[in-house]
Amino acid sequence: MRDFSAGHEALSINTATVRKSLGQDWPLDQIIDACAQRGIRAISPWRDQVAAVGLSAVAQQLKGTGITLSGYCRGGFFPAGDAAGRKAALEDNRRAVDEAKTLGAPCLVLVVGSLPGALAGAPLYTDIARARTEVRDGIAATLEYARSVGMPLAIEPLHPMQAAERACINTMEQALDLCDELDPGCTGALGLAVDAYHVWWDPKLQSQIARAGASRLLAWHVCDWLTPTRDLLNDRGMMGDGVIELKKIRGWMEAAGYRGFAEVEIFSAQDWWLRDGAEVLDTCIARHRSAV
Ligand code: ZN
């Protein structure tokens, strides 16, 4: 297992972690500069943050700083109430693939979606099996395009507490079954983003990481699970402040062949987003060494 205690070469910052500094929006170009100043070698930005600065400006800034991407957030949300909605989702995913390509991302992360409209509090239907079929078809169609331009897709299984609103793929096993169906040759075109926050509780986690193997393990997201958790979405903890055995899980990832970044992804409306972004980045570096 790699030794993270002496440096942070393997650290990536998911820029949602510092999307706010002292409670105010922190623009992506400033985040990139702050990462470069600290020798942080990789980030994973979100589409809205990129759009706010401008795609080509961000691509240029990344080139200038030498910072690479550990992923691009995100595509997905395939289910819709009607054919027009599903078509619009596919078109949007195609744009996301193109943006990921422009930024040189190693993969586009997919939060696949579930009951359409549920996120806004008004589900258009309640048949989760139907949502899963629409997700399968959406990934299959997007995969065809992504393959043609050489952009791997990383399905992110989400904790079942998000099963209605954000993702009807909730376990590693379910995600890998879909990978095996759509990419039976394990070509590297389709795999997983393994987010510790979503999968740490899964009794099959170790065996499914081993099953995935290096060709399917496209990204590794870290943070911590706080007890108690005060909000289902935006109360993630800093690594070392909760109950996830991050080093143990990373050991499983590396035993399966994973050699990529450990990407810090913390949504924290009541704590880290209220602090100075510089302090958050410095803490990420320290905890990457001690707790990841
Ligand atoms: Zn994640």
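Computed over the range 129-235, relative contact order equals 25 percent, with contacts defined as Cα pairs under 8 Å that lie 6+ residues apart. Restricting the trypsin sites (Lys or Arg not before Pro) of the range 229-277 to loop positions (DSSP other than H, G, I, E, B) with no more than 15 neighbouring Cβ atoms within 10 Å leaves 230, 259.
I need the P(r) histogram for the range 11-291: all alpha carbon pairs, bin width 5 Å from 0 out to the longest distance, whole percents. In order of increasing distance, the bins hold 1, 6, 13, 17, 19, 19, 14, 8, 2, 0 percent.
Extension gain residue 247-residue 59, at 0.36 nm per residue separation less the Cα-Cα distance, in nm?
Details: separation 188, 0.36 × 188 = 67.68 nm, distance 3.26 nm.
Full-extension gain reported as 64.4 nm.
In whole angstrom, how far apart do the alpha carbon centroids of the range 53-85 and the range 236-292 sit? Each part reduced to its Cα centre gives a spacing of 22 Å.
Over the chain, what is the relative contact order in whole percent, taking alpha-carbon pairs under 8 Å and six or more residues apart?
Across the chain, relative contact order equals 21 percent.
Please quote Rg/Rh for the range 30-79 to two decimal places, taking the Kirkwood radius as Rh and restricting both calculations to Cα atoms. Ratio value, two decimals: 1.01. Have a look at 227, 260, 32 and report the one farthest towards the positive end of the charge dipole of the chain, computed about the Cα centre with Cβ charges (Lys/Arg +1, Asp/Glu -1). Checked the options; the winner is 260. Taken over the range 99-203, the ratio of Cα radius of gyration to 2.2 N^0.38 Å equals 1.07.
Taking amide H as placed 1.01 Å from N in the peptide plane, the amide H of residue 155 sits under 5 Å from that of 110, 191, 192, 193, each at least 5 places away or on another chain.
Cβ-Cβ distance of residue 119 and residue 5, R₀ of 41 Å, FRET efficiency by 1/(1 + (r/R0)^6): the value works out to about 0.55. Under a no-solvent Debye model with one identical scatterer per Cα of the range 173-292, what's log10 I(q)/I(0) at q = 0.15, 0.17, 0.18, 0.23 Å⁻¹? So the normalised log intensities are -0.70, -0.86, -0.93, -1.28.
Taking θ as phi - 60° and the Karplus parameters 6.51, -1.76 and 1.60, the scalar couplings of the range 144-159 work out to 4, 5, 4, 4, 5, 10, x, 10, x, 10, 10, 6, 9, x, 9, 3 Hz in sequence order, x denoting glycine and proline.
The accessible surface of the range 1-74, taken with every protein chain in place and a 1.4 Å probe, is 49 percent carbon and sulfur. Exposed loop sites are taken as chymotrypsin sites (Phe, Trp or Tyr not before Pro) in a DSSP loop (any state but H, G, I, E or B) with at most 15 other beta carbon atoms within 10 Å; the longest stretch of the chain without one runs 1-124.
The values are calculated or read from the model by the stated rules, or taken from the named source; none is laboratory data. Remember, predicted model here, so these are calculated numbers, not experimental data. All Cβ positions, glycine included, derive from the backbone under ideal geometry; neighbour counts span all protein chains shown. Ligands, DNA and RNA are excluded from the accessible area calculation, which covers all protein heavy atoms including side chains. Shrake-Rupley method; radii C 1.70, N 1.55, O 1.52, S 1.80 Å.
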